[in-house]
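The values are calculated or read from the model by the stated rules, or taken from the named source; none is laboratory data. For clarity, every value in this text was computed on a predicted model and none was experimentally measured. Here the Cβ positions follow ideal geometry from the backbone for every residue, glycine too, while neighbour counts run over all protein chains shown.
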Amino acid sequence: MNIARSIELYARASALMPGGVNSPVRAFKSVGGTPLFIAKGTGSRVYDEDGNAYIDYCMSWGPLLLGHADDDVVRAIADAARDGTSFGTPNRREVEIAELVIARFPAVDKVRFVNSGTEAVMSAIRLARGFTGRDKVVKFDGCYHGHADSMLVAAGSGLATFGTPDSAGVTEGAAHDTIVVPFNDIDALRAVMQRDHHSIAAVIMEPVPCNYGLIPPRDGYLRAVRELCDRSGALLIFDEVITGLRLAPGGAQERFDVRPDITTLGKIIGGGLPVGAYGASTEIMAKVAPDGPVYQAGTLSGNPLAMAAGIATMKKIDALNAYDLLEEKGRRFDALVAPIADEYRGRALILRLGSIVCTYFTERTSIESVDQVRACDMKRFARYHAEMLRRGIYLAPSGYEVGFLATAHTDDDLADTAAAMRESLAAAFGS
Ligand SMILES: *Cc1c(COP(=O)(O)O)cnc(C)c1O
């Protein structure tokens with residue numbers, strides 16, 4: 001495989017940008033090798049600067065439910081651009097997308113658009129604090145919520161009542177107000193909520209964690225978290241930046257029938273442009289400026305191009321009946337990989353929830369906790385990743401990342417992927 005141009009660009013990039021990238025995991029640090037510079041994408045494929053083609057399962061880390069450069073999405077962006085790229089005034093497309101989002105998410109009566117998932121989470125936490133008048137936030141080990149200071153916090157030791165900074169530059173003060181508990185362990189959350197219930201503003205979670213492998217919630221777990229929040233007066237925030245518009249039209253809250261107080265969104269709602277959003281009941285959203293005292297603003301928020309891409313994506317999802325289509329593709333994928341999964345049982349595990357897939361290098365046959373993901377063989381994943389890449393399959397460059405099926409993946413793509421998996425697993429386990 002010739003990747004000379006990627007190598008040359010990476011050398012230039014490394015002199016210009018930290019790690020040569022604008023987001024750390026892109027740098028291939030955990031799998032080794034040179035990150036590929038992607039020149040273009042269409043449908044299920046991406047093409048690097050040297051012209052190599054790959055079937056893509058990273059899909060820009062989730063936003064591209066329809067695949068790359070979908071005709072309708074591209075046309076909507078181009079049409080919007082011709083009318084002007086930004087005004088800093090209200091625009092018609094903000095109203096249209098807000099109507100589409102509110103119609104889909106059961107727990108969202110009003111919504112505010114921002115520019116990233118990080119911003120959505122940051123604003124949702126400020127809103128929860130402003131609404132409750134409390135300071136502390138509970139998060140779960142292994143759940144990713146973007147890079148706001150209060151979310152870059154790791155579990156404290158033992159029975160510590162607060163977390164510790166998980167990044168240089170995060171203050172002890174920020175970490176002090178975040179409590180970290182294990183996911184899928186309702187007793188651990190109950191203990192914290194009983195101890196600190198007067199001071200907890202919010203419990204924030206990915207209802208289905210997708211940033212530390214895929215960790216399906218135990219039966220009844222989300223409902224139990226909801227009940228603990230109700231009892232303590234803390235708001236429940238579902239960070240649906242991945243799961244929203246991915247697991248169902250109304251995200252995990254629809255799929256599992258549990259209503260959060262605040263929902264954060266991103267990725268798919270921007271159709272591949274930079275968008276985030278947060279929404280809640282009318283009562284809670286009344287606290288947001290200019291209606292209320294919780295300040296939050298954005299020069300480019302509600303950007304017409306981004307709104308156009310999101311609107312076109314949601315309309316096409318409906319037109320394609322995308323969730324049924326993705327489930328069908330998922331089942332086909334399951335059938336193709338079932339014999340491979342059998343052969344590697346005890347060494348590798350392949351899980352799928354809707355259009356989210358994850359391969360773990362573990363002896364386990366199920367995954368329920370972050371510790372189980374942490375114990376997976378990431379060196380083996382690195383070998384597997386390189387073997388898949390050589391066979392024209394682009395996976396996100398870390399064993400902690402999931403893969404995404406898009407409506408653009410064809411039956412042939414899935415068959416080619418399964419064949420590549422068989423060979424790559426054999427190579428990864430070879431001597
Ligand atoms: C990607 C992600 C974020 C952060 O979104 P950005 O747009 O990268 O800032 C937050 N929460 C979850 C669950 C995510 O997957």
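Quick notes
Every residue, every condition in (1) out of contact with any helix residue (DSSP H, G or I) (no Cβ under 7 Å at 6 or more places or on another chain); (2) small (Gly, Ala, Ser), yes or no:
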{"residue": "245", "(1), (2)": "no, no"}
{"residue": "252", "(1), (2)": "yes, yes"}
{"residue": "258", "(1), (2)": "no, no"}
{"residue": "262", "(1), (2)": "no, no"}
{"residue": "267", "(1), (2)": "no, no"}
{"residue": "272", "(1), (2)": "no, yes"}
{"residue": "278", "(1), (2)": "no, no"}
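- Residues that are within 16 Å of the ligand (Cβ to nearest atom), of a type in the set (A, V, I, L, M) and either in a loop (DSSP other than H, G, I, E, B) or not assigned by TED's automatic domain parsing to the domain that holds residue 198 (or both) within the stretch 134-169 comprise 148, 152, listed in sequence order.
- Entry remark, the stretch 57-93: residues being farther than 21 Å from residue 265 by Cα and among the polar types (S, T, N, Q) number 3 in total.
- Residues located in the stretch 102-120, provided they are in contact (Cβ under 8 Å) with a residue 24 or more places away in the chain, out of contact with any Lys or Arg (no Cβ under 8 Å at 6 or more places or on another chain), part of a helix (DSSP H, G or I) and more than 16 Å from the ligand (Cβ to nearest atom): 104
Okay, residues lined up against (1) within 16 Å of the ligand (Cβ to nearest atom); (2) in a helix (DSSP H, G or I); (3) hydrophobic (A, V, I, L, M, F, W, C):
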{"position": "273", "(1), (2), (3)": "yes, no, yes"}
{"position": "278", "(1), (2), (3)": "yes, no, no"}
{"position": "310", "(1), (2), (3)": "yes, yes, no"}
{"position": "313", "(1), (2), (3)": "yes, yes, no"}
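- If only residues of the stretch 155-189 that are among the β-branched types (Val, Ile, Thr) and more than 22 Å from residue 124 (Cα to Cα) are counted, the one that is surrounded by the fewest Cβ atoms within 10 Å (Cβ to Cβ) is 161.
- Filter result for residue 123 (surrounded by fewer than 23 Cβ atoms within 10 Å (Cβ to Cβ), touching a residue at least 24 places away in the same chain (Cβ under 8 Å) and within 13 Å of the ligand (Cβ to nearest atom)): no
- The residues in the stretch 223-268 that are closer than 20 Å to residue 151 by Cα and either within 11 Å of the ligand (Cβ to nearest atom) or surrounded by fewer than 21 Cβ atoms within 10 Å (Cβ to Cβ) (or both) can be counted, and the count is 12.
- Within the stretch 279-300, if we keep just the residues that are surrounded by fewer than 19 Cβ atoms within 10 Å (Cβ to Cβ) and of a type in the set (Gly, Ala, Ser), the residue that is farthest from the chain's Cα centre (by Cα) turns out to be 292.
- Qualifying residue in the stretch 24-31 (condition: farther than 30 Å from residue 281 by Cα, of a type in the set (A, V, I, L, M, F, W, C) and in contact with a His (Cβ under 8 Å, 6 or more places away or on another chain)): yes
- You will find that of 50, 72, the residue that is among the acidic types (Asp, Glu), under 27 Å from residue 9 (Cβ atoms) and either surrounded by fewer than 17 Cβ atoms within 10 Å (Cβ to Cβ) or away from the ligand (no atom under 16 Å from the Cβ) (or both) is 50 and no other.
- Restricted to the stretch 190-222, and to residues there that are more than 16 Å from the ligand (Cβ to nearest atom) and within 23 Å of the chain's Cα centre (by Cα), the residue that is surrounded by the most Cβ atoms within 10 Å (Cβ to Cβ) is 221.
- Scan the stretch 336-378 for residues that are charged (D, E, K, R), part of a helix (DSSP H, G or I) and either over 24 Å from the mean Cα position of the chain (by Cα) or crowded, with 18+ Cβ neighbours inside 10 Å (or both) and the total you get is 2.
- Lone qualifier among 42, 85, 118 - being out of contact with any Ser or Thr (no Cβ under 8 Å at 6 or more places or on another chain) and over 30 Å from residue 397 (Cβ atoms): 85
Quick grid of which residues meet (1) in a helix (DSSP H, G or I); (2) out of contact with any Ser or Thr (no Cβ under 6 Å at 6 or more places or on another chain); (3) under 24 Å from residue 242 (Cα atoms):
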site	(1), (2), (3)
193	yes, no, no
203	no, yes, yes
210	no, yes, yes
215	no, yes, yes
218	no, yes, yes
225	yes, yes, yes
229	yes, yes, yes
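- When restricted to residues that are in a loop (DSSP other than H, G, I, E, B), among the basic types (Lys, Arg) and more than 23 Å from residue 413 (Cβ to Cβ), the stretch 379-402 contains 0.
- Single unsatisfied condition, residue 10 versus (1) under 30 Å from residue 308 (Cα atoms); (2) aromatic (Phe, Trp, Tyr); (3) more than 16 Å from the ligand (Cβ to nearest atom): (1)
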